[in-house]
Structures are given as structure tokens and as C-alpha cells.
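Below you'll find the structure, written out as C-alpha cells, and then a few comments.
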Amino acid sequence: MRFSTFLLILSILLILSGLLPPQVAAQDLGVRPLQKLIDCPSAGGPASGSYDFELRVYPDGGILAGFTAGLIGRLGIGLFYGGTGIIGYSSPDWNIQPGVLAMCRILDESYVLPAITIGFTNQGYGAWIDSTNRYQYKAKGYYLALGKNFKLWPMGEICGHFGVNMNPTADDSKSLDFYTGVDFRLIKQLAFIGEYSAGLNDRKGSSLGKGRGYLNLGIRWTFAERLAIDLHLRDVIINQDDDARGGGGVGREIRISYVENL
């Protein structure tokens, strides 16, 4: 994506966020809505005047680091960068460009209606593949995400997520895609996460998928108010072949999240 295109998207969201009342959210990671499930964006976002730091460690010695900052109104922007081979003996293979994020929460959740967020991100996951000009797991591109929280008795709560997305910059398959997921907080410190992306944009052309879609599972432990660690299982139903996965099997990664005020 060209930088000028990103600036245009950011400007539109900035104008939109200025027309809406500011979003107020708790900074405790044990109670605040998730900004993303595992790969899939949620309807959550950073509170105005705060930033979120994320560090992922994934297969093939991969590391991805980035942050998302809450600006005026309901606007959030983010920047990410990483690569594979960073951990190990081989030379690092850096991503071809930094990943960017621009998002705006246009509707807060009510008793009846879900929260709604629109945004754009060109940050995918896994290794960058030069021959197909894409990440192993495609970036979502433009997206619209919905989220609705439900209290469970006698303990815990569950949030349902749904989103549609289209990546206009990845190879020759630009189909509209959709995803869904849940996060279940058994207690404040412990949450279980699941997401499924249909992968409709990874079934033809220079695709890597077999048509099953992508199922990812995770568990989050919030061991301090502003610090959490996730363990993820990636592509549980084995949608990519052994060559794309570097030998097959379910992928495993770690994500560390930290939130602070600006």
C-alpha cells in the first residue's frame, strides 16, 4: 500500500472520529475489550490518550513488534515491524515494509446493539513471501468488525465477534472474506480465545490455503493489570500444506501485550 493511500484513509477516519464522542475504556487488560482476537481485528480499540505495545514470537525464529495509540475521539493508529530468522543462527529475513493500522470505533456497544469498528491494516502474520507479494497469513486490509458481550451466570462473560474484510494489495486474489470468533473470560485473569477466518481470498491464484479456512485458538493470562501473555495455536485444522507451514503441524506462538497512558 502506498503511503499516500494510508494518509487518505487516516484523514477520513480522523474526521469521522472528531464527529463522535470520545471513547472511554478501562486500562486493565483483564476487563477491557480485546483489540484483536489472534489475527482478526475486533470492535475494541485503544482508549484516547493510551497506547498498546505488542510483541509476538512465532515459528521460524519470527518476531513481530508494534504499538497502537489512541488519539482524539475514537481513532487509533498503529505501526508494526518484524521478520523471521531473528531468533537463531541464520541471517534475519525482514518484512518488506512496516505494517500500519488505522481504525475508528463508530458505535459503542449497547444493551441491544453491538460495538462497530471500521479500519485498515496491511500487517499480516508469519513469513513474508516475495514470490507472491504477501504474508503467509494474509493481512485483513479494509475491515468492518462487530462485537457483543454477554454476561454468564454464575461467573465469566463471553464476547462474540464478526467481521468482513478485503485486502486490495495481496497477490491476485482479492475476494471479500469474513471471520468470526469468541473470547470467554472465565475470571478476570484468564481468557480463552478462538477465531475462524473463511479464507475466501486464499483459495485461488497464488493461494496457500486448501479451502478449509483458518482456525486459531489461544489462552490469555493477565498476570498484572497492564501486562498479559497469550499462547496461540495457529491453523489448527491444517489449511496450508507442509511446504507453506515449514514442515507441517500446528503452529505455536507467544504474544505479550502491555498497555500504558501517553
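All of the numbers you see were taken from the coordinates with simple rules; none came from a lab. Bear in mind that the values here come from a model prediction, so they are computed numbers and not experimental data. Using ideal geometry, Cβ is built from the backbone for each residue, glycine included, and neighbour counts are taken over all protein chains shown.
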Task: region 94-106 - phi-based ³J(HN,Hα) in whole Hz, Karplus 6.51/-1.76/1.60, Gly and Pro as x - done: 6, 4, 5, 7, x, x, 10, 9, 9, 8, 8, 7, 9
Task: Note, ³J(HN,Hα) from phi for region 54-65, Karplus 6.51, -1.76, 1.60, rounded to Hz, x at Gly and Pro - done: 10, 10, 10, 10, 9, x, 6, x, x, 9, 10, 10
Task: Reach of Lys204 by Cα under 14 Å, taken over aspartates and glutamates that are not fewer than 8 positions away in the same chain - done: Asp171, Asp172, Asp177
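By per-residue mean of other Cβ atoms within 10 Å, what is the highest-first order of 55-61, 111-117? Spell out each step's value before the answer.
On the way: 55-61: 18.3, 111-117: 14.6.
Sorting 55-61, 111-117 by mean packing, highest first, produces 55-61, 111-117.
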Task: Virtual spin-label span in nm between Ile96 and Ile238, 7 Å along Cα→Cβ - done: 3.0
- [ ] Work out from phi, with θ = phi - 60° and the Karplus expression 6.51 cos²θ - 1.76 cosθ + 1.60, the ³J(HN,Hα) of each residue of region 155-165, listed in order in whole Hz, and give x for Gly and Pro.
- [x] 8, x, 8, 10, 10, x, 10, 8, x, 10, 8
Task: Full-stretch length increase - Met155, Ile129 - with 0.36 nm per residue and alpha-carbon distance subtracted - done: 4.9 nm
Open item on the list: Using a Cα-Cα cut-off of under 19 Å, which lysines could be cross-linked to Lys36, ignoring same-chain neighbours fewer than 8 residues away?
Closed with: Lys138, Lys140, Lys148, Lys188
Open item on the list: At 7 Å along Cα-to-Cβ for each site, give me the label-to-label distance between Lys188 and Leu113 in nm.
Closed with: 3.1
TODO: Work from the charge dipole of region 174-227 (Cβ charges, +1 for Lys and Arg, -1 for Asp and Glu, about the Cα centre) and give the residue of Gly181, Ala224, Ala191 farthest towards its positive end.
DONE: Gly181
Task: Segment Ile254-Ala224, extension gain: residue separation times 0.36 nm, minus the distance between their alpha carbons - done: 9.1 nm
